[in-house]
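Single-structure report; data block below.
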Amino acid sequence: MPQTDFPSVLEIKDPLHGYVHLSELEKSILDLRLTQRLRGIKSPSGVHLVYPGADISSLGLLLGTMNVTQLFFEYLDAELDEIIRARLAAMLFGLAIGPWSNVMEEYLTVRGLDRTKVAKLIVTNSQVGDIIKKSTLSKSEVIELLDKGVLLKGLRIDLLHTPINPILIDRLERDAYFAGVEYAQVEYRRLFTETRIAKNKVAFYRGSLFTLESYLSAGTTMFEAVYYHKTVRAGELLQLRILDEAGAHIFPSPEKETEDFLKCDDLTITDILLRVPSDAPQEFQNAGELFGDLRKRYLPKMASLRAISDAEFLEKISTPDGLFSVEREIAEGCDIDPSNVYVDFPDRPSVSYYPGKLPIDDIVLFERGTKGYEFWPLTEMSEIARSFTRRLKPVRVYTTRGYRAKVKKVADSLLESVDYPGSP
């Protein structure tokens, strides 16, 4: 049931949700520079390369996720205090991004700083912590929300990983709206209406399974058409390569210089990379040249694609060393520098969403029978959900201009050797 006593002190108009209300605590955080910088961060960072209208502000995403999170908890019959905690957790996760948003998230995650850790740094090392101390919450309570999730009816709901996910729902709807595509029509209010907490899991009414499946299908379609679009990913891979080359020269360390990191937006990176000193280290100069290619839209071109199910190979490329070793093997086969080869796969932090990213095994279906409530695993009742458990990933190989034919031949041979035609 929607709450009518939310302590609103400010309303902001959102194109998707109408007026989004903020409390005094949230308004104080919103007014900080570290929050306002989100206006200058595109999220996802590469989607505008294909869909020009998708120049999506991370600040809009922050407000949208707070609003949908509130609705989610209201439909789960949460108390006002629980809703306030959930909204604050959603806000902090929204703040815990850097310039180039999803690309920066991968860069930091492979170096041991995932979004939860960055959000905790914001609480402990920034003005946000001072604001929280003046509220009814303590820093330690807020850190527990980020670490363990929001406690509701005996279940800790982790907003980054709960399978019926308010952050993902706003992400899908917002990206589809601004990209001008019709792939993410999610009846999220009905989705929330049919959701319960039972057996220490998120439970969904079996009679409305089609609503849940449409939510799963919307995510899958947005993945295929938007988030894993070959050109979107080409731009994001180039951004990743720039950060790998010279990240330490481009932005401050979130761990050591949290406040300075939280001043950075996309324009900060642009300014730095446009003015690389002539006497700068070679890797910094390389990053500047790659950024020049990105601005001219001289993106890597896809040379090879194959759906791979081999668990050992997929595990190998999921690590930075393993990924580089495959790129180097392809480059050596073509007698070119490894910097000209990019291997991409879905299960990485810079891909905004991919099927299987959220633990749908944590969802059970329920129905009330003559002897009380009955429960079924979702994957036993839904072919769509079951398809998410199949290990078959589209692996792509990109290369720079001039090497496409060479790379295609070597990459095709390598990927075919991993999964022979017709292999399960």
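Label-to-label distance, D81 versus E141, with points set 7 angstrom from Cα along the beta-carbon direction: 0.7 nm.
Exceedance of the 32 Å cut-off in Cα-Cα distance is limited, within the set K117/K201; K201/K230; K27/K230; K199/K357; K139/K316, to K201/K230; K27/K230; K139/K316.
Against the chain, whose longest principal axis comes from its Cα atoms, helix 139-148 is set at around 70 degrees. From the largest down, segment 1-106 spans 42, 26, 26 angstrom on the principal axes of its Cα atoms.
Sparse packing (at most 12 other Cβ atoms within 10 Å of the Cβ) combined with a DSSP loop state is found for none of the chymotrypsin sites (Phe, Trp or Tyr not before Pro) in segment 34-133. Of the chymotrypsin sites (Phe, Trp or Tyr not before Pro) in segment 227-308, the ones in a loop by DSSP (not H, G, I, E or B) with at most 14 other beta carbons within 10 Å are Y298. Volume of the convex hull of segment 284-411 (Cα atoms only), normalised per residue: 145 Å³.
Take the Cβ atoms of K409 and Y373, set R0 to 60 Å, and the FRET efficiency comes out at 0.55.
Bear in mind that the values in this text are calculations on the coordinates, not laboratory data. In this text, all values refer to a predicted model and were calculated from it rather than measured experimentally. Heads up, the Cβs are rebuilt from the backbone with ideal geometry, glycines too, and the neighbour counts pull from every protein chain shown.
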